[in-house]
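The values are calculated or read from the model by the stated rules, or taken from the named source; none is laboratory data. Predicted model only: the values in this text are computed from it and were never measured. As a convention, Cβ positions derive from the backbone with ideal geometry for all residues, glycine included, and neighbour counts pool all protein chains shown.
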Amino acid sequence: MLEVFISLLILTGAIFTFIGSLGLVRLKDFYTRIHGPTKATTLGVGSLLIASALYFSYLERSISLHEVLVTLFLFITAPVSAHMLTKAALHLGLQSLARLPEQQVNRQHNEQEAKHDQGD
Amino acid sequence: MHRFFPHPILALILAGIWLLLVNSIHPGQIVLGLLLGWMIPLLTTQFWPEAVRIYKPFHLLHFVGIILIDIIQANFTVARLVLGRPDRLQPAFISMPLILKSDLAISFLANVITLTPGTVSARLSHDRCHLLVHALDVTNTEELANTIKSRYEKPLKEIFEKC
């Protein structure tokens, strides 16, 4: 019974990790690609780790909690690396499907100036 | 007291991490963990300019619960978007004004934004007043900014900053 449950968890984990990697291929620009590995993999790795904790606790008849640490470090580091990658991409001005923020700022600035001119 | 024991919360967390690392709750390991929890902040004190203060610990637990549910939802959302029609996505950059002031609260918010539905935090402005967020698929940018504000920023403000 437990083995079925563990197998289900491993399958779920594998599927989500796969979808996360698939996102790298299917999505079109750097900024959207970064969503795949940061999100879809957290649940994937999460369920793999729960399966691992259950399996080794069951096998060795003692509680195995190393997996909690892996989860903790993963949740701390994954967003930070994603943030740094995005920041670097923005700095280099990689091409994006969405309007880049500098252009937005310029546009707002121009609009404000236009309003100002009209006011005069 | 403050000089020799600068970060009580950090000390407890480090002790907990040590116990998880050695995977035992032998009394000797608990003492060693507490010793490490006391020594490490003391030796790295210059990396921790401000003391971490949690004003409402129970709100923090509640908040972590909300985040866990949102992470699971985020995974399904992103999985659906990836498997669906990637051509039809409407990605956007959103510049979000911040009401948080402390470094820890801002980094917490940035992490949470990255972990939750279809958004990645991209850049913090130099004056720390705006956080740039990239959203994977969004139709109404203002609504998204408001959701992030009410769902994540407000509780964080209550937890980490004195109102």
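Count of region A:1-39 residues, restricted to those that are within 8 Å of chain B (Cβ to nearest Cβ), surrounded by 15 or more Cβ atoms within 10 Å (Cβ to Cβ) and charged (D, E, K, R), is 3.
Looking only at region B:95-117, count every residue that is over 28 Å from B:K56 (Cβ atoms) and surrounded by 20 or more Cβ atoms within 10 Å (Cβ to Cβ) and tell me the total. Break it down stepwise before answering.
Taking region B:95-117 first, the residues over 28 Å from B:K56 (Cβ atoms) are B:95.
Within this subset, residues satisfying the condition of being surrounded by 20 or more Cβ atoms within 10 Å (Cβ to Cβ) are none.
Matching residues across region B:95-117 total 0.
Of the residues making up region B:89-119, those that are without any contact (Cβ under 8 Å) to a residue 40 or more places away in the chain and either at the interface with another protein chain (Cβ under 9 Å from one of its Cβ atoms) or assigned to a loop (DSSP other than H, G, I, E, B) (or both) number 7. Take B:A122 and tell me if it is small (G, A, S), touching a residue at least 12 places away in the same chain (Cβ under 8 Å), outside any loop (DSSP other than H, G, I, E, B) and touching a strand residue (DSSP E or B) at 6+ places or on another chain (Cβ under 6 Å). Spelling it out, B:A122 is indeed small (G, A, S), touching a residue at least 12 places away in the same chain (Cβ under 8 Å), outside any loop (DSSP other than H, G, I, E, B) and touching a strand residue (DSSP E or B) at 6+ places or on another chain (Cβ under 6 Å).
Determine, yes or no, whether A:S96 is assigned to a loop (DSSP other than H, G, I, E, B), modelled with pLDDT under 80, in contact with a Ser or Thr (Cβ under 6 Å, 6 or more places away or on another chain) and at the interface with another protein chain (Cβ under 10 Å from one of its Cβ atoms). Considered against the rule, which asks whether it is assigned to a loop (DSSP other than H, G, I, E, B), modelled with pLDDT under 80, in contact with a Ser or Thr (Cβ under 6 Å, 6 or more places away or on another chain) and at the interface with another protein chain (Cβ under 10 Å from one of its Cβ atoms), A:S96 comes out as no. Examine region B:32-51 for a residue that is part of a helix (DSSP H, G or I), small (G, A, S), free of Cβ contacts under 8 Å to residues at least 24 places away in the same chain and loosely packed, with under 12 Cβ neighbours inside 10 Å, and state whether such a residue exists. No, region B:32-51 has no match at all.
Would you point out the residue of region B:55-65, among those that are among the hydrophobic types (A, V, I, L, M, F, W, C) and surrounded by 12 or more Cβ atoms within 10 Å (Cβ to Cβ), that is modelled with the highest pLDDT?
The selected residue is B:F63.
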